[in-house]
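Step one of this worksheet: look at the structure below.
The values are calculated or read from the model by the stated rules, or taken from the named source; none is laboratory data. Treat the numbers as computed from the prediction; the structure is a model and nothing was measured. Here the Cβ is made from the backbone with ideal geometry for all residues, glycine too, and neighbour counts use every protein chain on show.
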Amino acid sequence: MSTVRHTGGTTALHALLEAQSLKSYHFVVFGLCFLGLMLDGFCAQTMGYVAPVLKEQLHIPPRELGRVFSSSIFGMLLGSITLSVVADKFGRRPVMVGALLWAGALVTYTATARSLDELIVLRFLTGLGLGTLMPTLLALISEYAPLRSRSTIVTIACTGFVVGAAVGGGIASFLIPHYGPYSVFLFSGIATIAIAILLQLCAPESIQYLAGKENLPVERIGAILRRFGIETDEAAELVRSSRNARGNAGWKAIFSGRQGVITILLWVVNFTNLLDLYFLSNWLPTLLKSYGLALAVAIAGATALQSGGLPGSIVLGILIRRFRIEHVLMINFLLASIAIASVGYAVGTEFLHPAIFIAGVCIIGGQSAVNGLSAHCYAPQVRSTGMGWAMGVGRIGSILGPIIGASMVANHRGPQDIMFMAAGAAFISFVAVTFMARYK
């Protein structure tokens with residue numbers, strides 16, 4: 001058995017975990033969390049898959065359908081900034097399992113909805129659970145990831161949401177013609193409940209949470225350490241020293257001292273990048289068509305944007321393993337600003353779709369890296385809180401992005417002016433990350 005040396009503090013347990021090489025149980029935990037993120041992406045997009053059919057079956061006007069979409073986003077926003085705090089106080093596993101069960105049950109029950117009001121309420125309630133999932137799952141991944149690989153693992157794990165949304169689209173395209181639109185809710189809901197059960201059975205609890213319990217669960221912590229290949233006869237000492245050194249938890253802790261500056265800067269990055277992401281996702285086809293391009297070309301541009309997300313996440317994940325994450329993101333957002341601004345000048349040339357693709361790599365892929373940065377910014381005892389608030393503020397940007405786009409179009413602003421606005425938001429992300437690099 002190894003002898004553990006430590007200086008006390010949170011590092012008593014976490015330095016031990018952070019110094020480990022990846023073991024098979026790491027991949028079990030990360031794989032389960034990845035599946036959870038996939039179901040998060042699938043459930044978040046279910047309404048988008050079935051909306052064209054339900055709109056006709058339930059005679060829902062397009063404007064009213066927008067209320068259904070918005071209710072889900074507002075629910076996710078509230079879940080991110082409120083329920084994620086609970087995970088730092090009462091443990092990661094019960095919160096993420098509870099959020100999956102809640103979302104799965106409500107998505108399944110949505111299959112019974114036969115009116116606009118029912119859809120709005122159910123999608124809002126589902127959003128509360130979905131908004132809790134990502135910060136909680138990523139916080140658990142961060143806690144058990146080796147330090148040298150943490151940002152890379154979190155960045156790549158974030159692709160689970162994108163993969164789930166993409167795979168869900170394929171599943172929906174098969175289910176809807178054969179079994180009707182409500183079958184998509186049933187399938188995604190039952191699958192989400194199944195993943196919740198798997199996480200309850202196979203995922204470990206947060207060691208940080210266990211170390212803070214009144215009655216020290218030494219044997220339970222020792223069993224978790226052994227699963228990660230760590231044999232130690234000092235488990236009791238490690239637990240006690242970690243508990244004695246625990247800092248403040250809760251949302252106030254993320255604003256204390258220099259941490260408060262990092263938190264505000266992180267909020268700025270999340271807000272501006274998600275504003276860009278949702279603005280471009282919603283308005284790019286319309287703007288390209290306003291340039292006089294054919295509808296097929298405009299849709300191909302939207303596809304090029306989304307296609308950059310997955311490779312962008314993977315490439316950025318590899319880069320931040322070798323270089324400081326803030327420096328990688330500085331280059332990423334500067335390139336994003338240039339690529340978005342150049343879209344207006346690339347219309348009618350062979351550079352249009354490559355410019356849009358690069359923008360997708362930097363904006364959509366960049367959001368995964370921003371989540372990796374969030375995990376790097378907070379101590380374990382406030383990680384779920386810090387990440388949840390950052391994502392919640394980001395969701396405000398996701399709401400405002402399409403609204404700002406609609407306002408600019410309504411005021412007859414030219415497509416180039418609108419693209420420069422989006423490029424400006426990416427440049428603000430660049431500035432915020434630059435200041436973060438100096439503060440950390």
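Do we find that Ile60 is modelled with pLDDT of 80 or more and part of a loop (DSSP other than H, G, I, E, B) in this structure? First the steps, then the outcome.
Values: modelled with pLDDT of 80 or more: yes; part of a loop (DSSP other than H, G, I, E, B): yes.
It is true that Ile60 is modelled with pLDDT of 80 or more and part of a loop (DSSP other than H, G, I, E, B).
The C-beta contact set for the range 352-368 (first residue closer than 10 Å to Leu335 by Cα, second residue of a type in the set (Val, Ile, Thr) and surrounded by fewer than 24 Cβ atoms within 10 Å (Cβ to Cβ), distance under 6 angstrom, 6+ apart or interchain) is empty.
Per-residue answers, yes or no, for (1) at pLDDT below 85; (2) among the acidic types (Asp, Glu); (3) in a helix (DSSP H, G or I); (4) at positive phi:
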{"position": "Gly344", "(1), (2), (3), (4)": "yes, no, yes, no"}
{"position": "Thr349", "(1), (2), (3), (4)": "yes, no, no, no"}
{"position": "Ile363", "(1), (2), (3), (4)": "no, no, yes, no"}
{"position": "Val370", "(1), (2), (3), (4)": "no, no, yes, no"}
{"position": "Met387", "(1), (2), (3), (4)": "no, no, yes, no"}
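Among the helices (runs of 4 or more DSSP H) lying completely within the range 144-223, list those that include at least 3 residues that are over 30 Å from Tyr278 (Cα atoms) and touching a helix residue (DSSP H, G or I) at 6+ places or on another chain (Cβ under 7 Å). Talk me through it step by step, then tell me what you get.
On the way: elements: 150-157, 159-179, 182-202, 207-211.
The helices (runs of 4 or more DSSP H) meeting that bar are 182-202, 207-211.
None of Thr126, Thr132 is closer than 19 Å to Ala51 by Cα, surrounded by 20 or more Cβ atoms within 10 Å (Cβ to Cβ) and of a type in the set (Ser, Thr, Tyr) except Thr126. If the condition is being in a helix (DSSP H, G or I) and more than 12 Å from the chain's Cα centre (by Cα), then the range 374-383 contributes His376, Cys377, Pro380, Gln381, Val382, Arg383. Exactly one residue out of Ile338, Ile396, Ile356 is in a helix (DSSP H, G or I), over 21 Å from Ile156 (Cα atoms) and touching a Gly at 6+ places or on another chain (Cβ under 8 Å), and it is Ile356.
Under 7 Å by Cβ, and 6 or more places apart or on different chains, what pairs join a residue from the range 408-428 that is outside the structural domain of Val347 (by TED's automatic domain parsing) and crowded, with 18+ Cβ neighbours inside 10 Å with one that is in a helix (DSSP H, G or I) and of a type outside the set (Gly, Ala, Ser)? Cβ pairs passing all conditions: none. Can you name the residue in the range 218-253 that is crowded, with 17+ Cβ neighbours inside 10 Å and over 23 Å from Pro146 (Cα atoms) and is also modelled with the lowest pLDDT among such residues? Out of the qualifying residues, it is Trp251.
Checked against the criterion of being of a type outside the set (Val, Ile, Thr) and free of Cβ contacts under 8 Å to residues at least 40 places away in the same chain, the candidates Leu122, Leu186, Leu147 yield just one match: Leu122.
Of all residues in the range 103-131, those being closer than 16 Å to Phe161 by Cα and not in a helix (DSSP H, G or I) number 0.
When we screen Ile299, Ile314 for residues that are surrounded by fewer than 24 Cβ atoms within 10 Å (Cβ to Cβ), more than 21 Å from the chain's Cα centre (by Cα) and in a helix (DSSP H, G or I), the only hit is Ile299.
Among the residues making up the range 18-44, a single one is at pLDDT below 85 and within 24 Å of the chain's Cα centre (by Cα): Glu18. You will find that of Leu106, Leu101, Leu128, the residue that is within 16 Å of the chain's Cα centre (by Cα) and either hydroxyl-bearing (Ser, Thr, Tyr) or modelled with pLDDT of 90 or more (or both) is Leu128 and no other. Scanning the range 90-109 finds no residues that are in contact with a helix residue (DSSP H, G or I) (Cβ under 7 Å, 6 or more places away or on another chain) and free of Cβ contacts under 8 Å to residues at least 24 places away in the same chain.
Out of curiosity, is Ala194 small (Gly, Ala, Ser) and farther than 21 Å from Gln45 by Cβ? Against the criterion (small (Gly, Ala, Ser) and farther than 21 Å from Gln45 by Cβ), Ala194 does not qualify.
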